[in-house]
Amino acid sequence: MSLWSVLSSPVWGAGSVLLILVLLLRLSVQIWHKFYIWDLQHCSTDLTGKTAVVTGANSGIGKAVSQELARRGARVILACRSRERGQQALAEIQAASKSSRLLLGEVDLSSMASIRCFAQRLLQECPEIHLLVNNAAVCGFPATLTPEGLDLTFATNYTGPFLLTNLLQGALQRAGSARVVNVSSFRQSHGYIDEDHLVGAGRPLAFNQNYDCSKLLLASFTGKLAQRLQGTGVTVNSVDPGVVYTKIMKHFSWSYRILFWLLSFFFKDSKQGAVPVLYLSLAKELDGISGKHFSSSCVITLPPEAAQDPHVAQSLWNTSVRLTNLDKVD
Ligand SMILES: NC(=O)c1ccc[n+]([C@@H]2O[C@H](COP(=O)([O-])OP(=O)(O)OC[C@H]3O[C@@H](n4cnc5c(N)ncnc54)[C@H](OP(=O)(O)O)[C@@H]3O)[C@@H](O)[C@H]2O)c1
């Protein structure tokens, strides 16, 4: 069969059209990202003398965020649960950012004991914290209880950040002006709020809906904390990084992971996924803006209705305080 007859076959024709469509789609994603998302390169914020804490800094978005903060002169505490993975990331970030102001902190955000221990050590080392990025999260886990009786997904994605932020509140306030950035997800709109989920009870959840619900709780927490921190110089906002090709799917079955890999051609990479998070961390125009949710295009959007309800937020706050023993004096 000649080359010409192969090229002129209907299969080849349809394949070519499909390939061109795929490439055009990919190109439009890149153009959209380059021209319509906040331009990191034009942001002049210098972080010399500032201290930033990034959870889940050894991988994906957290690693890319940490690298940019370090490049801008911040002392960055890479809060990671694995010393080995943390050290490897630290070496890579150090080499890429040429920063010597990186510190590794070990913390398992699903464990309240680990968070308390980490916060205590951190506060001794850094009495003032200018930026806290609550980035670490898991998804794809079935309902599992931690040794402390919390649901693993909710503990990592919501209760852990809740406790850590509260324990670091004094240091954030001492900084004079500080930001808390909660890394949320577009999936929050598929969740609902049932406080019993925090302890592995409550209404049944569909596959991976625990992730969606935990991110919704984070949105409710963002609004409530912003209200409580009014006038303190500390702002708190949440942001969706978009769909980003990272290790976030590592706990899913192989079929999901293959699909994620195949589609990754259209997704953002970690550096692109870090841009909305860096926007909330660095942009001068956000000075004083608090309690807002930002889309992956860096635009303020309303969080789902459940996360806007002040009674729900107050009740969730009270339950979280009780579960994390923040109401008990040490
Ligand atoms: N990727 C997306 O498409 C997407 C979309 C929307 C929102 N997000 C959000 O973006 C954030 C970053 O995710 P990513 O995509 O960059 O995923 P990733 O590469 O899997 O990073 C998640 C990070 O969280 C850490 N982590 C998980 N459990 C922890 C625990 N118990 N204690 C301390 N650290 C823990 C992981 O550490 P190990 O390496 O030790 O596991 C890792 O460093 C998450 O909040 C995620 O929900 C991502």
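Just a few scattered comments:
- Positive-pole candidate from LEU109, GLY15, ALA89, dipole of region 1-144, charges at beta carbon: ALA89
- Relative contact order [Cα under 8 Å, 6+ residues apart], the chain, whole percent: 17 percent
- Per residue accessible area of the chain, 1.4 Å probe, in Å²: 49 Å²
- Shape of region 257-321, Cα gyration tensor, a/c cut at 1.5: oblate
- Projecting the Cα atoms of PHE266, LEU145, LEU217 onto the dipole axis of the chain, where Lys and Arg carry +1 and Asp and Glu carry -1 at the beta carbon, places PHE266 farthest toward the positive end.
- The Cα atoms of region 64-105 give a gyration tensor whose axes a ≥ b ≥ c have a/c of 1.5 or more with a/b greater than b/c, which makes the shape prolate.
- Principal-axis tilt of helix 254-263 within the chain, Cα atoms, nearest 10 degrees: 70 degrees
- Annotation: for a label point projected 7 angstrom from Cα along Cα→Cβ of THR45, residues of region 205-236 with backbone N closer than 15 Å are 234-236.
- Sorted peptide list for 252-264, 284-296, 220-232, criterion being average Cβ within 10 angstrom, highest first: 220-232, 284-296, 252-264
- Gap separating the Cα centres of region 152-219 and region 52-120, nearest whole Å: 20 Å
- Charge dipole (debye, nearest 20) of the chain; +1 at Cβ of Lys and Arg, -1 at Cβ of Asp and Glu: 740 debye
- Cα gyration tensor shape for the chain, rounded if a/c is under 1.5, else prolate or oblate: prolate
- Per-residue ellipticity at 222 nm, computed for the chain from helices alone with -39500 (n - 2.57) per DSSP H run of at least four residues, works out to -14000 deg cm²/dmol.
The values are calculated or read from the model by the stated rules, or taken from the named source; none is laboratory data. This one's a predicted model, so the numbers in the text were calculated from it and none came from an experiment. Because the Cβ atoms are built from the backbone with ideal geometry, glycine has one as well, and the counts that use them run over all protein chains shown. Heavy atoms of the whole protein, side chains included, go into the accessibility calculation; ligands, DNA and RNA do not. Shrake-Rupley method; radii C 1.70, N 1.55, O 1.52, S 1.80 Å.
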